[in-house]
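*Asks:* Encoded as structure tokens, here's the structure I'll be asking about.
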Amino acid sequence: MTIEQQADKKLSDMPDEKGHFGQYGGMFVPETLMEPLSELNQAYMKYFQDPEFLAELDNDLANYVGRPSPLYFAERWSRELGGAKIYLKREDLNHTGAHKINNTVGQMLLAKRMGKTRIIAETGAGQHGVATATVAARLGLECVVYMGAEDIQRQALNVYRMKLLGARVVSVDSGSRTLKDALNEAMRDWVTNIDNTFYIIGTAAGPHPYPAMVRDFQAVIGREAREQSMQHEGRLPDALVACIGGGSNAIGLFYPFVDDQDVSMYGVEAAGHGLETGEHAAPLCAGKPGVLHGNRTYLMEDRHGQIIPTHSVSAGLDYPGVGPEHSWLKDIGRANYVSVTDEEALRGFHDLTKIEGIMPALESSHAMAYVKKLAPTMDKEQIIIVNLSGRGDKDIHTVATIDGIEF
Amino acid sequence: MSRIKGCFAQLKKNNKKALIPYVAAGDPNPEITMDLMHAMVESGADIIELGVPFSDPMADGPVIQKASERALIYGTSLTDVLAIVKSFRATNNITPVVLMGYLNPIEVMGYETFAKAANDAGVDGVLTVDIPPEEAGTYIPALREFELDPIFLLSPTTTKERMQLICQYASGFVYYVSVKGVTGTSALDTDEVAKRLAIIKEVTDLPVGVGFGIKSAETAAAVGKAAEAVVVGSALVNLVEKNAHSLSQDEGNKKTIKDISQVLSSMRSALDA
């Protein structure tokens, strides 16, 4: 590469053609999946430049998902915190109640064009499962969702929603019985049924092209936020904040801003009971690079390379890995990765509910909890955009139980 | 000559096919593994494939997943597996040993450190399920430096073009995954396998082992007609599970060694017939 070419290279040009973000990402999968992944990559490259595909996607996002989602100025909360102006990107107002549908609508359009008749997915909190079951119902396709036995208990409401939508929810009893095990099981299904099956991964992780593809489908969040910030404030925000499990809502918000060096980015991981206790789900803050689920990325692992159990009050963040692009953004210093505990997240949940009349998902509550720390350190003229990635209805039982309330 | 190369050369001379049993190291407890390896050799195993337990074995069916979970109860690590191989080598310096597992434990140890330690322990080949040649830039040279054969998988979805790429990096033998699916799948179409093997043979002179879905002596014999080696895993691990559940540790280990030896003996006879 010449010096001029290097100078032209933008952060947004990643990954390389084999799916690498620096040393992260890639395709670490069994041989049987290499050809299907290559077919998927070809379809993704082709249709992302196909005006007809993009028009259909835009139409679905507008009329089925309900986009654009508002950028709401949380005036009272901003005043209470006494610092920066806080804007909420309202992904909670999307159809099915979270950002997940942006990606499932897009991948389903790809599945349709690739002639696949059976859809599978993994889910943690159940939001991605619901978003997948929703788009499968719309096209009348068979849908199987893998979900850890532990998460099925924590998220009974979403399990029922998926069943109502016609999906089969398969309980995964292996390993730690959470999201990572659901992902293993979905991969096993895919390997077995690759001829007719499309695997809709819900986060910006997994083997190439998933991290880039999921990012590209979620980047509508950041593109809208950019425009809306210009409309409301006549300028770009100073800081972006989003919670991180696998990291799809965060990369969706961050990506359209990565080349704007003046916009700081904060990804908020789940510190669970506290990083020092080891009971958390914060691989970027307290893990090491390794290989899991088809990509090299930061992981929670022991000294022998075994993946260790994670803990978070929010099922959607309870994952030992993270999308590879975040690992890279961390190493090059472009984004900051921080963490908040279960307790802080719960306070964030209650604050936003009482002060703004908006009930955030426990996942998004982590981002809110960090805004509480960040906003007071900033000037009143400065702007934060925080991704309100999902609504909290699904978590009411969890919150009530923690508060000692029984129904 | 590497032990694997020597083994296949010898078999070819005698007009025989290789029988390769797979067991997970440390399953259902670390005490059994070395004895089981010796017993398998006595029952006709030519090469031993030793599974390195991993917390997230995404290419494995329920039988081998549970084997990994049982071994991990005892914390059987990659270091422990190498120690087992070393103890096996104290009295057997002939039978090749291939480690089969996932990348992360090797990644954490470091490719060079691992390759050196594996060579010291007497390991001959390494089959890492989740590292295709495209990602193996520094992994393959590390194995080669310490005289370990990189074993790669070929699958029903592998195009001829990819076969060429893979075989360029493989040595020892290549492993043909006979079905689309995870380990322990039941349906194996021997005619289909024979067709695919003919294509693989156009691409490489390396011996070909076939695995995934070989449960009976009959299937083993049928596959052995077209391939140089037959790999049997889940059918053996099933026996480990059964005895571990129903018997005390000592009795279970003894019974497992007996049962697995019996299955291998019948497969050996069928292959040699």
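The values are calculated or read from the model by the stated rules, or taken from the named source; none is laboratory data. As the structure is a prediction and not an experimental result, all values here were calculated from the model. Backbone-built Cβ (ideal geometry, glycine too); neighbour counts: all protein chains shown. The area values use the complete protein model at the heavy-atom level, side chains included, leaving out ligands, DNA and RNA. Shrake-Rupley method; radii C 1.70, N 1.55, O 1.52, S 1.80 Å.
*Asks:* Which residues, counting only those in segment A:93-104, are buried (at least 24 other Cβ atoms within 10 Å of the Cβ) and in contact (Cβ under 8 Å) with a residue 60 or more places away in the chain?
*Replies:* Once the filter is applied, which keeps residues that are buried (at least 24 other Cβ atoms within 10 Å of the Cβ) and in contact (Cβ under 8 Å) with a residue 60 or more places away in the chain, segment A:93-104 yields A:ALA98, A:HIS99, A:LYS100, A:ASN102, A:ASN103, A:THR104.
*Asks:* Could you say whether any residue in segment B:49-61 is within 27 Å of A:LEU33 (Cα to Cα), more than 8 Å from chain A (Cβ to nearest Cβ) and in a helix (DSSP H, G or I)?
*Replies:* no
*Asks:* Answer yes or no as to whether B:LYS66 is more than 10 Å from chain A (Cβ to nearest Cβ) and among the basic types (Lys, Arg).
*Replies:* No.
*Asks:* Go through A:LEU71, A:LEU81 for me and flag whichever is touching a His at 6+ places or on another chain (Cβ under 7 Å), open to solvent by less than 40 Å² (accessible area, probe 1.4 Å) and within 21 Å of A:ALA242 (Cβ to Cβ).
*Replies:* One residue alone meets the criteria, A:LEU71.
*Asks:* Another question, then. Condition (residue is within 14 Å of another protein chain (Cβ to nearest Cβ), out of contact with any His (no Cβ under 8 Å at 6 or more places or on another chain), open to solvent by 50 Å² or more (accessible area, probe 1.4 Å) and not basic (Lys, Arg)) applied to segment A:50-61: is it met by at least one residue?
*Replies:* There is no residue in segment A:50-61 that is within 14 Å of another protein chain (Cβ to nearest Cβ), out of contact with any His (no Cβ under 8 Å at 6 or more places or on another chain), open to solvent by 50 Å² or more (accessible area, probe 1.4 Å) and not basic (Lys, Arg).
*Asks:* Of everything in segment A:165-183, what is surrounded by fewer than 24 Cβ atoms within 10 Å (Cβ to Cβ) and within 11 Å of chain B (Cβ to nearest Cβ)? Give them in sequence order.
*Replies:* Of everything in segment A:165-183, those that are surrounded by fewer than 24 Cβ atoms within 10 Å (Cβ to Cβ) and within 11 Å of chain B (Cβ to nearest Cβ) turn out to be A:ASP173, A:SER174, A:GLY175, A:SER176.
*Asks:* How about segment B:197-221: which of its residues are closer than 23 Å to B:ILE64 by Cβ and outside any loop (DSSP other than H, G, I, E, B)?
*Replies:* B:VAL208, B:GLY209, B:VAL210, B:GLY211, B:ALA217, B:GLU218, B:THR219, B:ALA220 - these are the residues of segment B:197-221 that are closer than 23 Å to B:ILE64 by Cβ and outside any loop (DSSP other than H, G, I, E, B).
*Asks:* Across segment B:129-155, what is the total count of residues that are more than 10 Å from chain A (Cβ to nearest Cβ) and not in a loop (DSSP other than H, G, I, E, B)?
*Replies:* Adding up the residues that qualify gives 10.
*Asks:* Something else about it: Go through segment A:266-320 and count every residue that is in contact with a strand residue (DSSP E or B) (Cβ under 8 Å, 6 or more places away or on another chain), in a loop (DSSP other than H, G, I, E, B) and more than 14 Å from chain B (Cβ to nearest Cβ).
*Replies:* Residues flagged as in contact with a strand residue (DSSP E or B) (Cβ under 8 Å, 6 or more places away or on another chain), in a loop (DSSP other than H, G, I, E, B) and more than 14 Å from chain B (Cβ to nearest Cβ) within segment A:266-320 amount to 10.
*Asks:* Something else: When the residues of segment B:156-179 are narrowed to those that are open to solvent by less than 20 Å² (accessible area, probe 1.4 Å), at pLDDT 95 or above and within 11 Å of chain A (Cβ to nearest Cβ), which ends up farthest from B:GLU112 (Cα to Cα)?
*Replies:* If we take residues in segment B:156-179 being open to solvent by less than 20 Å² (accessible area, probe 1.4 Å), at pLDDT 95 or above and within 11 Å of chain A (Cβ to nearest Cβ), then B:THR158 is farthest from B:GLU112 (Cα to Cα).
*Asks:* Answer with yes or no whether B:VAL193 is open to solvent by less than 10 Å² (accessible area, probe 1.4 Å), assigned to a loop (DSSP other than H, G, I, E, B) and either of a type in the set (Asp, Glu) or away from chain A (no Cβ under 14 Å) (or both).
*Replies:* no
*Asks:* Enumerate the pairs (first residue in segment A:171-182 and under 13 Å from A:PRO320 (Cβ atoms); second residue anywhere and of a type in the set (Asp, Glu) and part of a loop (DSSP other than H, G, I, E, B)) with beta-carbon separation below 7 Å, excluding pairs fewer than 6 apart on the same chain, so at least 6 apart or on different chains.
*Replies:* Partner pairs satisfying both residue conditions: A:GLY175/B:ASP56; A:THR178/A:ASP318; A:LEU179/A:ASP318; A:LYS180/B:ASP56.
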